[in-house]
Amino acid sequence: MKKFLFVFFALFLFFPLTTFAQEKKQAVYFYATWCSHCQKVDSFLKKNGFYEKYDIKKFNFDERENKILLKNVLDGKMITDGGIPAVVIDEEIFIGDVPIVDNFEKKMEASSGTALQYVEKFGGGKQDKVKEISKPKKDEPGENNKGVALPLLLGAAFSDAFNPCAFAVLILLVGTVLNSHGKRRALWAGLLFSLAIFISYFLMGLGLYRAITIFNIPKYFSLVVGVIAILVGLANLKDAFWYGKLFVMEVPLSWRPKMKSILKHATSPFGAFTSGLLVSLFLLPCSSGPYIVIVGLLAEKVNVAIATTQLALYNLIFILPMLVITFGMYFFNFQMAELEKMRRSNLKVLHAVVGTIMILMGLYLIQGWL
C-alpha cells in the first residue's frame, strides 16, 4: 500500500512538472498594425488564448528586414502574390485571415514546433537579419504611430499647394465676385471656397485611406507609390519644358468651360462653398498626385488617429495660398488680373518646382528597395 501511494504521488508530481518543462510549440506570425486582416487574426489569437498556449513569434512587416525575410520565405515556397497576415507553422505557410483562422489550431496541435528554425534559414546574412518584434503593451505606442516623416508630408503638401490649377480657380472666383459684389462678399466667397476645398479633399483622403486599408495593401505598396511620385514629377517637368505637348498636368481643356461656368455663377458665399465642392473634382487630375502618395504612405504605416491628423495638416497647407490670396485681396488690394498674369508668366516655373519635389519624394521612397 505504501509503495502504491509513493508511486501515485511520484506520478502526480512528475507529470505536471514535465508538462510545464516542455517548450511551447512555436509559430511565426508576420503582421502590421495598420492591416485590418491582421487585426482579425490578432483578435482570434487573443480570444482563444493562443498567445499564452503557444510561443508565437511576431515579426512586424513594417520593418524592412522582416519585409525581406517574408519575401524570401514566400520565394522559397514559389508564392508570388503573398502578403500579410502570414503565419508559418513548421514549414507550411498560411496567408490571409480566413486560412489562418481555419487552420491554426489544428496545424499547431500536430506541429513539431520548428517554424522559427525554418524561417531563420531565409535570413540571408547581415543585411536580411531577422528583427523580432515583441508583443507591445496596450499603452505602448508602436513605431507606426509616428506617421509619415514631416519633411515628406510638408514637401508633398507645398508642391500641391503651389500647383497652377488651384491658383487659377481661386483667382477666377474671387475676381468674379469682387467685380460683381465688392470686397466683403469676395472675402466670404474666397474663405468658404477654401473651406469647401479643404472639406472635400480631406474626406476624399479619408475615403481612399479606408479603401486601401480594407483591401489590404500589397507588400510593395511603398515602392509603387514611389514610382507614381516619380511619374507625376516627370509629367510636371514635361510641362515645364514642353508645355501643352501631348497633355498638361492641369484641368483638362475639355473640362474648363464647365468649371468656369460653375465659378461665374457662384456670386454668393453659399454659392462659393457649393462650387468649391464641385470644382474639387475638376482639380483632381492636376492635384491628386502628391495627395495619393501621402495617403498611400499613411495607409501603409499608421493608424486612423494619426492619419486623420496628418491629412488635416496636409489639406490646411494645401489651401494656405488660397487664404493668402483671399486676405491679400481684402486687406492689401491684391489685383486678381495682376495675379493671373503672374501665374501665367510663371506657369513653367511652378511645374518645374512641383516636378522636382515629386521626383525627390519618389527617389526617397524607393531608395530602400534599391
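No lab work stands behind these numbers, since they all come straight from the coordinates. Here the structure is a predicted model, which is why all the values come from computation and not from measurement. FYI the Cβ positions are ideal-geometry reconstructions off the backbone, even for glycines, and counts take in every protein chain you see.
Numbers at a glance
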{"read-out": "Length gained when the stretch L313-K24 is fully extended (0.36 nm per residue, less Cα-Cα span)", "value": "99.3 nm"}
{"read-out": "Shape category assigned to the range 146-369 from the gyration tensor of Cα positions, a/c cut at 1.5", "value": "prolate"}
{"read-out": "Cβ charges +1 (Lys, Arg) and -1 (Asp, Glu), total dipole of the range 276-370, debye", "value": "160 debye"}
{"read-out": "Full-extension gain in nm, S180 to K46, via 0.36 nm per residue minus C-alpha separation", "value": "41.8 nm"}
{"read-out": "The range 26-43 - phi-based ³J(HN,Hα) in whole Hz, Karplus 6.51/-1.76/1.60, Gly and Pro as x", "value": "9, 9, 10, 10, 9, 8, 8, 5, 7, 7, 5, 5, 5, 4, 5, 5, 4, 5"}
{"read-out": "Amide H contacts under 5 Å for G113, placed H, 5+ residues apart", "value": "Q26, D90"}
{"read-out": "Table column - 3J(HN,Hα) (Hz), the range 107-112, Karplus curve with 6.51, -1.76, 1.60, x for Gly and Pro", "value": "6, 5, 4, 8, 7, 9"}
{"read-out": "FRET E, pair N103, L323, Förster distance 51 Å, beta-carbon r, rounded to 0.05", "value": "0.35"}
{"read-out": "Above-threshold pairs, the threshold being 27 Å between Cα atoms, out of K183/K238; K47/K71; K67/K238; K238/K341; K238/K264", "value": "K183/K238; K47/K71; K67/K238; K238/K264"}
{"read-out": "Exceeding the 18 Å Cα-Cα cut-off - candidates K25/K57; K53/K121; K40/K121; K40/K77", "value": "K53/K121; K40/K121; K40/K77"}
{"read-out": "Mean Cβ neighbour count within 10 Å, used as a protection proxy, ranking 319-331, 182-194, 339-351 highest first", "value": "182-194, 319-331, 339-351"}
